[in-house]
1. As an exercise, use a Förster radius of 25 Å and the Cβ-Cβ distance of A:E330 and A:S282 to find the FRET efficiency, rounded to the nearest 0.05.
2. What is the antiparallel percent of DSSP beta bridges lying wholly in region A:351-531, to the nearest 5?
3. For labels at B:L68 and A:T38 in the simple 7 Å Cα→Cβ model, what's the distance in nm?
4. In nm, to one decimal, how far is the modelled label at A:T344 from the one at A:A583, with both set 7 Å along Cα→Cβ?
5. Testing the spin-label approximation: label points 7 Å from Cα along Cα→Cβ at A:A554 and A:L299. State their distance in nm.
6. Hey, with R₀ at 30 Å, roughly what FRET efficiency would A:A316 and A:N55 work out to, going by the Cβ-Cβ distance, to 0.05?
7. May I ask you to compute the full-extension gain from A:V456 to A:L571, defined as 0.36 nm times their residue separation minus their alpha-carbon distance, rounded to one decimal in nm?
8. In square angstrom, rounded to the nearest 10, how much accessible surface does B:R232 have for a 1.4 Å probe?
Amino acid sequence: MAQLAFGRRHGRAVNITAASWLLCLLCHGLLAAAATVTHDFNITWTTANPDGMANRPVIGINGQWPIPTIHVNVGDQLVVNVLNSLGNESTSLHFHGLYMRGATYMDGPVSVTQCPILPGERFTYNFTIEQPGTYWYHSHIHGQYPDGLRGPLIVHDPKSPFADLYDEEVVLSVSDWYHDEMHGLINHFMSKANPTGAEPVPKSALLNETQDLSVPLQPGRTYLFRMVNMGAFAGQYVWFEGHNMTILEVDGIYTHPAEASMIYLSAAQRCSFLITARNDTSANFPIVASMDTDLFDKLPDDLNWNVTGWLVYDKAKPLPAPAVVYDPYEPFDDVSLVPWDNQTLLGEPDQTISLDVIMDNLGDGANYAFFNNITYTSPIVPTLFTALTAGDLATNPAVYGTHTHPFVLEKDKVVELVINNLDPGKHPFHLHGHAFQVVWRSEEEAGPFAESGVTVEQFGKVPMRRDTVVLRPNGNLVLRFRGDNPGVWLFHCHLEWHVQSGLVATFVEAPLEMQKTLAVPREHLDVCERAGVPTVGNAAGNSVDWLDLSGERAPPGRLPEGFTTKGIVALVFSCLSGILGVAVVAWYGFAGGAEGGAVGTEGTAVAGGVVAGKGESNGAGNKGGEGSGGESDGIGGEGDGRTGRGG
Amino acid sequence: MPDVFAVPVFLVTFREALETVIIVSVLLAFLKQTLSSTNPSLHKRLVRQVWLGTGLGLLLCLIIAAALIGVFYTAGANKWEASELRFEGAFALVACVIISVVGAALLRIGKMQERWRAKLVDVMGSSMAARAEGGRAGGVWAAVKRWMERYAMFVLPFVTVLREGVEAVVFIAGVTFSAPASAVPLPVVVGIAAGAAVGYGLYKGGSTTKLQFFLVVSTCLLYLVAAGLFSRAVWAFEQHAWQTLVGADVAELGQGPGSYDIDKSVWHVNCCSPVFNGGNGWGFFNAIFGWTNSATYGSVISYNVYWLCVIVSFLVMRYREVKGHWPLMKQKAAAVSVGPKGDDQSSRRRASREEGKGEAAVTDEITRVSV
């Protein structure tokens, strides 16, 4: 049975590589002659059990899951016709890492560049592929993609400077897997019952959305592995036993070749590298992807954070268990990479944006993520449509609302992003529409950049570029990019949980330029109309007074600091109750004395006492009523006691 | 301070010690008055009985306390740790009920001196009679009765001390769940010392007015404590439910956001916590006034409702003392229970009718002994 399973997986792996090989041949033959690649994606629920532990509903395409890998060439036109057949959820697609130059409305994030594709709706993504490299596509609404709507997007490049270095391409994704649907997980994650903001821990790790994957290798050949981390949360360490990697590309940016024995891919990061097959077929070798457990709030006992596959030279040979690798892992440092184009450090920034990453609880008790003091809340009018309809006011960040955390960037100016992590977690930050230069990345616990004393001289001269970079715990990060791509671009943490909790900012880049050059397809506006989403107006949907943001969507208020009115009322009332209560108790305690005096005058002390005593004897049946209120029969005693002792 | 000095423990031991001293002093005074001149040898013997009874009672208390502590810490300390809040709540509730019920009774203890005197006369009289009878009556019960009567001077302080002591032990066990164990010994020692000192001082000074003042003030304080305990019991149950919901993470939240349920919060200040970092003095306010830095609707409402009940109860009790019947009821009405003390009511009423003073009977050990 196991053999059969391996065989099946093996077979599929062969198919995948064969297909990509065929495509590659095709593109070599066509030599950059632009083609139109069309996909019809009927997005549906289906069932899958990739880790063999639990069947669960997953979001597939055309009834299949995993969803297809998109292969295109540089220069191609990619057309994706989406039909949302989910029935119960809206959707959208984001093509991660593609700049969408001149087509920001194809970028995919809902409430930013488009409206939600409601169940039953159609939506066409249609854009030109201008960048080579390894990308992926995924849903960009309501934390949906970890339910399965995620797949690699490979842009082959006939003119690649490395085209002669390899014989075949292998697409290899790593991902994390949950057994529950995101909807429920998010509801709990963003609730008062999770005040620490502990992110749900995945149930398992996957390679190509499965486990025990076999990747067939032929001796002596060289393979270009294109790896994507499509996970929701977990970064992954990846290594190949018995083989080294030669890194050639990260996030679509070619680099000077660099040797690595282990790499780290955060959620949404990509890396392509060469693996040269050995010359003999005497053994097969494990591929290991190991989830970064530092991210996990707790480690469940039953969690296997590793997933294993094999480089298979000979199907008849055993598939060896991977050797145990102990912490600390020492993955390749991506900041040490040098872009192939040797683009130097961008000059002094025209605009510097400083963002502090903070986690805090709001008035509903849930844990939110903040850039500075703002946690992202989506606007009523998608930001792009505000930018396109606000006229000259589009350069005023106010029209985009407070809670979208908008920054208006000027065309072709150099922007510097300084991100200070005031949180002890790792955050992979992703910028839509650009790759940025990582000009400085601190070690852990380095504190805010401004206080670290680092100067421009220490910045990389030819900084590594990519579109997703990891900010270290309590560290800082300095990024630069040129605002040469008019559009509305999100900057956010790519941990899907933190997108939900608001670790998102909006960059509105050259809005007046957008107004001049962009023509949003009619279909996009129709989808909005049918979804009831206005496409004119400021973030609050106000198109009369553009600076009136009343009605804007907002997160819950801050937790009260100290006493509120109700607290003061309650405290005062409680104090009065206490005082009144004590007064009554004291009054009762002393009241007996007055009466005692009165009673005392009416008879002789000892006799009265005896009578009282007998009374008690008679009433001794009142068991259980011990003492309560009963001592009042001694009332006559007080004055007598005094005389008695005096005698 | 709260980690070395639990205020409720002090108050309780103070009260119990004071009570014990007063009882002992009443007995001694009575013996001195009645026997020291007429029958010195009997006086000496009975005084020895009193002290023996007191001493044995204390000893037995200590043994019971030690046994209880032993059970706490061997049988279930770990298990209780897991649901400490539930136990804290339960014990706070028990302690609150004990204080509330006994508190009213204790208010009148000053006047009990005289009742004891009366009882003693009674006891002495009947024991003379018993002696005169020469033990002719047969049966075990009669023998016990005779023994009790013969050694009344031993039994009275013994039983009283035992009762006060066990009461204190149970109570202290209750409050220690919210206070560290280290907070118990000092207030116990100080409480006993202070109670004994005040009791002795009052005995020597012969001032019952001052005695009553002490008793009323300490009872008021105890009711404040009880109100706080009731509120805290509700708070602890709510917090237990909250921690169950949030899970283990709540420990790392300290007193910050998420350490409490925002939807139930009436006020929350990120300071002045009576439990966090040993309380820093706020534990004192928690012990006396039931202060919490994180009040809930439950804790605030229960605090106020508690006082409302106390106020109504005392007003009703006073009404009955003065008028001789419960409010809203005719004086000679049939025994229908509507008052707050339900079960005892009819017998009480019977007792009060018999006495014609509207006074309820007391069923403490002394009474039983003197039967």
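The values are calculated or read from the model by the stated rules, or taken from the named source; none is laboratory data. As the structure is a computational prediction, the values presented were derived from the model and not from experiment. Glycine also receives a Cβ, built like all others from the backbone with ideal geometry; neighbour counts cover every protein chain displayed. Side chains are part of the model used for accessible areas, which takes the heavy atoms of the whole protein and leaves out ligands, DNA and RNA. Shrake-Rupley method; radii C 1.70, N 1.55, O 1.52, S 1.80 Å.
1. For A:E330 and A:S282, the calculated efficiency is 0.30.
2. Within region A:351-531, antiparallel bridges account for around 75 percent of the total.
3. Rounded to a tenth, the inter-label distance reads 8.6 nm.
4. Once both label points are built, they end up 8.4 nm from each other.
5. 4.4 nm
6. That gives a FRET efficiency of 0.40.
7. 35.8 nm
8. Near enough 40 Å² of accessible area.
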